[in-house]
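The values are calculated or read from the model by the stated rules, or taken from the named source; none is laboratory data. This one's a predicted model, so the numbers in the text were calculated from it and none came from an experiment. Please note: Cβ atoms are built from the backbone with ideal geometry, for glycine as well, and neighbour counts cover all protein chains shown.
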Amino acid sequence: MKLHDTITAIATPIGTGGIAILRISGADAETVAGRILSAREELSRWESHKLTLCRAHRLDDPERYLDRVLAVVMRAPHSYTGEDVVEIHCHGGFLVADRILKELLIAGARLAEGGEFTRRAFLNGKTGLDEAEAVMDVIDARSELGLENAARALQGGLKEKIDALREEVMKLTAHISAAADYPEEVEAPERQETAENLTVLKKEIRALLGTFETGRMLRDGIQTVIVGRPNVGKSSLLNALARCDKAIVTDIPGTTRDVIEETVNLGGVALRLLDTAGLRRSDDEVEKIGINRAREKMETADLCLFVIDSSRELSLEDEEIAGELPDCAGLVLLNKTDCGQRITRAELAEKLNIPPESILETAVPKTGKALGIEELEQAISKLFLEQKVQPGQVYLSNVRQRDALQKALDALVRAEAGNATEMPYDLLFVDLEDVLSALGEVTGLTVQEEIVDQVFSRFCVGK
Ligand SMILES: Nc1nc2c(ncn2[C@@H]2O[C@H](COP(=O)(O)OP(=O)(O)O)[C@@H](O)[C@H]2O)c(=O)[nH]1
Ligand SMILES: [Mg+2]
């Protein structure tokens, strides 16, 4: 990939809409765009960051217009990429943006790769890696709180924290090297003091690491799998939570064969509901595949809703399913309470050896009023949101950031152990350098090329 060539792409989604936007970035952005735009004034004389009404035309014949457009020049370094950028806002038809793109390519630009604009922004120091990831998270956000967290990271919320931590470590390394360089004038730090500093740092990094689970949930939602034997009301429950008729409901056992997904909003977080094939021994090939899929989903779920038909005695199948529930958070639903209840919460708690608080009673009949849905939503909130999601707090939201911080923590623990045994300060220094570089990885300050590649491979063209 050449860094300094001029790239272009359509930045808006394909399809019809009010407008479409093309981006051009690179040293020749103005020249390239100038070849296919005509306005009262030459592009090179346009004021930066000001929209101008002009015409887009064919490169080979300026009399053949393609569209009337608005265009803007954003000169380096005050642009998204840090390079000269031109944006062309044309009409959002199927063909028009594509035609203009073609002309720009003939005029000398190259088609941008996925994420290349943001990558340039990163390489030009316009954005940290954490912020680039936040851009992606803003685009992908599925819930209000997820969006808020991503936007906070975009504003440098995480970077601020990491920089503050680095600052603390640097104070210590500066003191150590000063003492090494000028032993007469500067005394090495007291061991006790170093130990205290390291403990504080450790606590802060641990706290940040502790936000990962919630951050991931804000970003990806709560993956919730609904399981139980056939006909207990799993699909009806999904429909009741989603307040729509997404899943097919019949009284024929084995109706649901594939995994059905629906995302609903729960207190600003995405609850990603997965309705699955009822778990039972089956000879039906298709149903068997569905049952295997259900089992796979159980393995990666954050929450498992185990549905039981309370109008019947607890069956052997129910007990078998209870034995294979995943390790994640779980709630048991005694459903069909409107049909004459034959198992109570207390009995079930005792039989399956589960705490009564995680058993709820519901009814989701085909006609008539659903019962217990609000209580269920509250119970899920209590498990995942209450006291966990605080406004203004910064949450780690991806594995890369978590791994880098974990590395920092490991190095810190080594430094701490070394300090406790009065390891010479120049050796301790090595561990502290590791802490610094691991922290720098979070924001991209010290990150390896391949990790950068990985981050940007998630981006779409035009971003
Ligand atoms: N009366 C009543 N019927 C229910 C309830 N839940 C489900 N049903 C009915 O039970 C049958 C099976 O429901 P379904 O949701 O397809 O069960 P699944 O096989 O577990 O997905 C359907 O006829 C539903 O209308 C309930 O709480 N009360
Ligand atoms: Mg079903």
Do we have any residue at all in the stretch 371-384 that's within 16 Å of ligand 1 (Cβ to nearest atom), outside the structural domain of Lys203 (by TED's automatic domain parsing), closer than 20 Å to Gln223 by Cβ and assigned to a helix (DSSP H, G or I)? yes
Residues being surrounded by 14 or more Cβ atoms within 10 Å (Cβ to Cβ) and either of a type in the set (Ser, Thr, Tyr) or part of a helix (DSSP H, G or I) (or both) - total across the stretch 277-288: 3
What tally of residues in the stretch 349-369 results from selecting those that are closer than 22 Å to Ala270 by Cβ and within 16 Å of ligand 2 (Cβ to nearest atom)? 2
Could you say whether any residue in the stretch 195-208 is loosely packed, with under 14 Cβ neighbours inside 10 Å and part of a loop (DSSP other than H, G, I, E, B)? no
Single residue of Leu439, Leu412, Leu445 found to be at pLDDT 90 or above and more than 13 Å from Arg400 (Cα to Cα): Leu412
Within the stretch 261-276, is there a residue that is assigned to a loop (DSSP other than H, G, I, E, B) and within 11 Å of ligand 1 (Cβ to nearest atom)? yes
Does the stretch 235-245 hold any residues that are assigned to a loop (DSSP other than H, G, I, E, B) and either within 23 Å of Glu299 (Cα to Cα) or within 9 Å of ligand 1 (Cβ to nearest atom) (or both), and which are they? none
Scan the stretch 350-358 and tell me whether some residue there is surrounded by 14 or more Cβ atoms within 10 Å (Cβ to Cβ) and not in a helix (DSSP H, G or I). yes
Subset of the stretch 35-73 [of a type in the set (Gly, Ala, Ser) and surrounded by 20 or more Cβ atoms within 10 Å (Cβ to Cβ)]: Ala56, Ala71
Scanning the stretch 264-292 residue by residue, those over 28 Å from Asp140 (Cβ atoms) and among the aliphatic types (A, V, I, L, M) turn out to be Ala277, Leu279, Val286, Ile289, Ile291
Taking only pairs six or more apart or across chains, which ones have beta-carbon atoms under 6 Å, a first residue in the stretch 223-234 that is under 21 Å from Asn265 (Cβ atoms), and a second residue that is within 8 Å of ligand 2 (Cβ to nearest atom) and part of a strand (DSSP E or B)? Ile226/Asp275; Lys234/Asp275
Only one of these is more than 26 Å from Leu316 (Cα to Cα) and within 12 Å of ligand 2 (Cβ to nearest atom): Lys246, Lys234. Name it. Lys246
Cβ contacts < 6 Å: first residue part of a loop (DSSP other than H, G, I, E, B), restricted to the stretch 246-259; second residue of a type in the set (Asp, Glu) and more than 8 Å from ligand 1 (Cβ to nearest atom), any location; separation 6+ or different chain. Result? Lys246/Glu262; Gly254/Glu287; Arg257/Glu287
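Given the stretch 21-100, what strands (runs of 3 or more DSSP E) lie entirely inside it while holding 2 or more residues that are within 20 Å of Lys126 (Cα to Cα)?
Per the criteria, 65-74, 85-92.
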Among the candidates Ile248, Ile226, Ile252, residue that is within 13 Å of ligand 1 (Cβ to nearest atom), surrounded by fewer than 21 Cβ atoms within 10 Å (Cβ to Cβ) and under 23 Å from Ala322 (Cα atoms): Ile252
